[in-house]
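Trainee: First the structure, which I've put down as structure tokens, then a few questions once you've had a look.
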Amino acid sequence: MSFHALKLCSFTHSAVYAALLTVWLIPGLHPLEFVFGLTHGLGWIAMCLLCIDALRRRVISMRLAVAVAVIGAVGPFVGSYEFVREEQRLQANTA
């Protein structure tokens with residue numbers, strides 16, 4: 001999987017988490033908590049597996065893999081932010 005594809009997956013996971021927080025906060029939307037909660041949980045597992053593979057293939061750095069796998073369970077926004085930082089770091093190194 002490419003860096004760009006992983007970044008898109010990370011941002012999608014962050015959007016799902018934002019939706020989960022929204023349905024948790026707004027009264028009347030609680031039945032959707034299960035759907036978004038399950039999607040977030042399975043998405044996090046998938047992101048962990050994808051990041052382990054990407055780390056082995058040297059597509060992403062250890063710092064990014066840890067941000068997604070460890071912190072991503074409770075705050076996937078950190079992983080998405082780290083993808084942006086990593087992309088900026090890679091662009092700065094090639095310029």
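The values are calculated or read from the model by the stated rules, or taken from the named source; none is laboratory data. A quick note: this is a predicted structure, and the numbers were derived from the prediction, not measured. Every residue, glycine as well, gets a Cβ built from its backbone with ideal geometry; the counts of neighbours run over all protein chains shown.
Trainee: Given the conditions (1) crowded, with 17+ Cβ neighbours inside 10 Å; (2) among the polar types (S, T, N, Q); (3) modelled with pLDDT under 90, which single one is not true for Asn93?
Mentor: (1)
Trainee: Condition test on Leu55, is it exposed (fewer than 15 other Cβ atoms within 10 Å of the Cβ) and at pLDDT 90 or above?
Mentor: When the stated conditions are applied, Leu55 does not pass them.
Trainee: Has segment 47-59 got at least one residue that is at negative phi, without any contact (Cβ under 8 Å) to a residue 60 or more places away in the chain and not in a helix (DSSP H, G or I)?
Mentor: Yes, there is a match, as at least one residue in segment 47-59 is at negative phi, without any contact (Cβ under 8 Å) to a residue 60 or more places away in the chain and not in a helix (DSSP H, G or I).
Trainee: Looking at Ser10, Ser61, can you tell me which residue is in contact with a Gly (Cβ under 6 Å, 6 or more places away or on another chain), surrounded by 15 or more Cβ atoms within 10 Å (Cβ to Cβ) and under 22 Å from Gln91 (Cα atoms)?
Mentor: Exactly one residue qualifies, and that residue is Ser10.
Trainee: Consider Val74 carefully, then state whether it is exposed (fewer than 14 other Cβ atoms within 10 Å of the Cβ), modelled with pLDDT under 90 and farther than 11 Å from Leu6 by Cα.
Mentor: Here the answer is yes, as Val74 does meet what is asked.
To keep it simple, each residue is scored yes or no on (1) within 12 Å of the chain's Cα centre (by Cα); (2) closer than 16 Å to Ala73 by Cα; (3) hydroxyl-bearing (Ser, Thr, Tyr).
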| residue | (1), (2), (3) |
| --- | --- |
| Ala15 | yes, yes, no |
| Leu20 | no, yes, no |
| His30 | no, no, no |
| Leu49 | yes, yes, no |
| Leu55 | no, no, no |
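Trainee: Given (1) without any contact (Cβ under 8 Å) to a residue 24 or more places away in the chain; (2) assigned to a helix (DSSP H, G or I), where does His40 come up short, assuming only one miss?
Mentor: (1)
Trainee: Out of segment 18-51, which residues are of a type in the set (Val, Ile, Thr) and loosely packed, with under 14 Cβ neighbours inside 10 Å? Spell out how you get there, then give the answer.
Mentor: Within segment 18-51, the subset of a type in the set (Val, Ile, Thr) is 22-23, 26, 35, 39, 45.
Selection gives Thr22, Ile26, Val35, Ile45.
Trainee: So which residues in segment 19-46 are hydrophobic (A, V, I, L, M, F, W, C) and within 20 Å of Val70 (Cβ to Cβ), if there are any at all? Step through it out loud before you land on a result.
Mentor: Keep residues of segment 19-46 that are hydrophobic (A, V, I, L, M, F, W, C), which gives 19-21, 23-26, 29, 32, 34-36, 38, 42, 44-46.
Matches in segment 19-46: Leu20, Leu21, Leu42, Trp44, Ile45, Ala46.
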